[in-house]
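First comes the structure, then the notes that go with it.
The values are calculated or read from the model by the stated rules, or taken from the named source; none is laboratory data. Remember, it's a predicted structure, so these values are computed and weren't measured experimentally. Here Cβ is always computed from backbone atoms with ideal geometry, including for glycine, and neighbour counts include all displayed protein chains.
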Amino acid sequence: MKQITIQPLTAAHWSDAARIYEAGIATGNATFQTEAPSWEAWNKAHRPDCRLVALCEGEVAGWAALSSVSSRPVYAGVAEVSIYVDAAFRGQGVGNCLMKALIEESEREGVWTLQSGVFPENAASMRLHQKHGFRTIGLKEKIGKMHSVWRDVAMLERRSRVTGIDD
């Protein structure tokens, strides 16, 4: 197995990250998005912290980031997960390393709830989230159309065990 290194995702990684995002879009089971945004748009839509890239022997193998779910202060510790792995590196622990690091960084940054919307057909993503303590809290039925077909989205949630949510 190749060594996986996790580091902050920066603009310098975006061309590779966008390529991985586009490949995820092409599967039809990763997102409702139809194309990867520009770096500027992506940068604006995601938190400035909790942006990670996985490198395998210097090659970008995947990325993960958080976006805020609301601008209201009461939801400052709630964030939505995005995680994508290059097809050439799937099944090699990249997603696992990214999710573990994302959870650790999110907790350092005071995030108490991670949310994720996953197409139920994306079994690998469902397993990855469940492995890291996410639980399914519901199903948004026919929440959006993709290629003229209504799609469901499973809503997953993970509560931090270290940010004092149980106090």
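All but one of (1) touching a helix residue (DSSP H, G or I) at 6+ places or on another chain (Cβ under 9 Å); (2) closer than 28 Å to Ala26 by Cβ; (3) touching a residue at least 12 places away in the same chain (Cβ under 8 Å) hold for Met146, so report the exception by its number.
Looking at each condition in turn, Met146 falls short on (1).
With the requirement that a residue be β-branched (Val, Ile, Thr) and within 13 Å of the chain's Cα centre (by Cα), what does the stretch 85-137 give you?
Passing the criteria: Val85, Val94, Ile103, Val118.
From Leu55, Leu98, grab the single residue that is more than 22 Å from Thr31 (Cα to Cα) and at pLDDT 95 or above.
None of the others qualify; the one that does is Leu55.
Within the group Ala30, Ala61, which residue is part of a strand (DSSP E or B) and either within 22 Å of Phe134 (Cβ to Cβ) or of a type outside the set (Phe, Trp, Tyr) (or both)?
Ala61
If I filter the stretch 33-66 down to residues being surrounded by fewer than 14 Cβ atoms within 10 Å (Cβ to Cβ) and within 14 Å of the chain's Cα centre (by Cα), which single residue comes out as nearest to His13 (Cα to Cα)?
Result: Ala45.
Going through Ser67, Ser71, Ser82 one at a time, which residue ends up being polar (S, T, N, Q), farther than 17 Å from Gly117 by Cβ and free of Cβ contacts under 8 Å to residues at least 60 places away in the same chain?
Answer to the check: Ser71.
If I ask for residues that are out of contact with any Lys or Arg (no Cβ under 8 Å at 6 or more places or on another chain) and of a type in the set (A, V, I, L, M), which ones from the stretch 65-98 would you list?
Val69, Val74, Ala76, Val78, Val81, Ile83, Val85, Ala87, Ala88, Val94, Leu98, listed by residue number.
If Arg127 satisfies every condition in (1) of a type in the set (D, E, K, R); (2) touching a residue at least 12 places away in the same chain (Cβ under 8 Å); (3) surrounded by fewer than 17 Cβ atoms within 10 Å (Cβ to Cβ) but one, which is the exception?
It is condition (2) that Arg127 fails.
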